[in-house]
Amino acid sequence: GQQLNQSPQSMFIQEGEDVSMNCTSSSIFNTWLWYKQEPGEGPVLLIALYKAGELTSNGRLTAQFGITRKDSFLNISASIPSDVGIYFCAGLNFGNEKLTFGTGTRLTIIP
Amino acid sequence: DTGVSQDPRHKITKRGQNVTFRCDPISEHNRLYWYRQTLGQGPEFLTYFQNEAQLEKSRLLSDRFSAERPKGSFSTLEIQRTEQGDSAMYLCASSLGTGFNGYTFGSGTRLTVV
């Protein structure tokens, strides 16, 4: 099935650094969602975006819905050890209940 | 309510055996979804229910797979004649109404076919 392209695939950063990742699609979505998944667990919703150009924050996380509706970005400021995990974007369209997920960005924090 | 519950958490089975997984959604949620996630990939949609009605099935759901939600509450996913390619994490999620607020996922059932 289709998967959205996320970059980078993995990131190795030091605690306190800021993180940026993005997600691109060949098709338009009405809603963009960002999830975090930790080992052995299901994805947990971080941020939902509903309007092109929208910028939404959740604590140290900020996400943007691209104006073309084909991309989205997630930034994490001042990273901490508990930010470690895999971050997935997902797109959703009206009238279609299935989420299309990205390939994931694995975040590792170097001590 | 403790969220979406899946059972078992892990299952190891021999090729050719049948397996069944259970999902208990958040109690007031009327929509229930099944996804499959293979190593290094994002989850992929399999099927979803609104109450007891199965409304959509992915082409990933071969005829060896069947899902039910008999009373509109818990759901089961059965895989018959398992193959090594069925090894994956099977995730269940639920939502109240549409999924536009992002549905709540369970912790998944990890299936290993040997």
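Below is a table of values for the structure above.
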quantity	calculated
Chain A, accessible area per residue, ligands and nucleic acids excluded (1.4 Å, Å²)	47 Å²
Rounded D (µm²/s) - chain A, Kirkwood Rh over Cα pairs, Stokes-Einstein at 25 °C, 0.890 mPa s	176 µm²/s
Span from the segment B:63-114 Cα centroid across to the segment A:1-16 one, whole angstrom	26 Å
Charged-residue dipole, Cβ positions (Lys, Arg, Asp, Glu), chain A about Cα centre, Debye nearest 20	360 debye
Approximate spin-label separation residue A:3-residue B:20, in nm, with each point projected 7 Å along Cα-to-Cβ	3.2 nm
Among B:24, B:63, B:86, residue whose mean-square fluctuation peaks in a GNM of chain B (springs only between Cα atoms under 10 Å)	B:63
Candidates B:62, B:95, B:87: whichever shows maximal mean-square fluctuation once chain B is modelled as a Gaussian network with Cα springs under 10 Å	B:62
Threshold 30 Å² - residues in segment B:40-56 whose accessible area is reduced by that much or more when the chain is no longer isolated, probe 1.4 Å	B:41, B:42, B:43, B:44, B:45, B:56
Relative contact order (percent, whole number), chain B, Cα cutoff 8 Å, 6+ residue spacing	37 percent
Cross-link pairs beyond the 21 Å C-alpha cut-off, checked among A:51/A:98; A:70/B:57; A:36/A:98; A:70/A:98	A:70/B:57
Estimated FRET transfer efficiency (residue A:15, residue A:52; beta-carbon r; R0 35 Å; 0.05)	0.55
³J(HN,Hα), Karplus 6.51/-1.76/1.60, whole Hz, each residue of segment A:42-57, x for Gly, Pro	x, x, 10, 5, 9, 8, 10, 10, 10, 9, 4, x, 4, 10, 10, 10
In Hz, Karplus ³J(HN,Hα) per residue of segment B:68-77 (6.51, -1.76, 1.60; θ = phi - 60°; x = Gly, Pro)	9, 8, x, 10, x, 10, 6, 10, 10, 10
Interface size B-A, as summed buried accessible area [1.4 Å probe, Å², nearest 100]	1900 Å²
Accessible area expressed per residue, segment B:1-107, with surrounding protein chains retained (probe 1.4 Å, Å²)	50 Å²
Carbon and sulfur %, accessible surface of the protein assembly as shown computed with the full protein complex present, 1.4 Å	48 percent
With DNA, RNA and ligands ignored, accessible area of residue A:70 (1.4 Å probe; Å², nearest 10)	80 Å²
Kirkwood Rh (inverse of mean 1/r, distinct Cα pairs), chain B, angstrom	14.0 Å
Anchor residue B:11: aspartates and glutamates whose Cα lies under 19 Å away (excluding residues fewer than 8 positions away in-chain)	A:41, B:24, B:78, B:83, B:86
Volume per residue of the C-alpha convex hull in the protein assembly as shown, rounded to whole Å³	121 Å³
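The values are calculated or read from the model by the stated rules, or taken from the named source; none is laboratory data. Small disclaimer: the values here were computed from a predicted structure and weren't measured. Reconstructed Cβ throughout: ideal geometry from the backbone, glycine too, with neighbour counts over all protein chains shown. When the accessible area is computed, the model is the full protein with side chains, heavy atoms only, and any ligands, DNA or RNA have been set aside. Shrake-Rupley method; radii C 1.70, N 1.55, O 1.52, S 1.80 Å.
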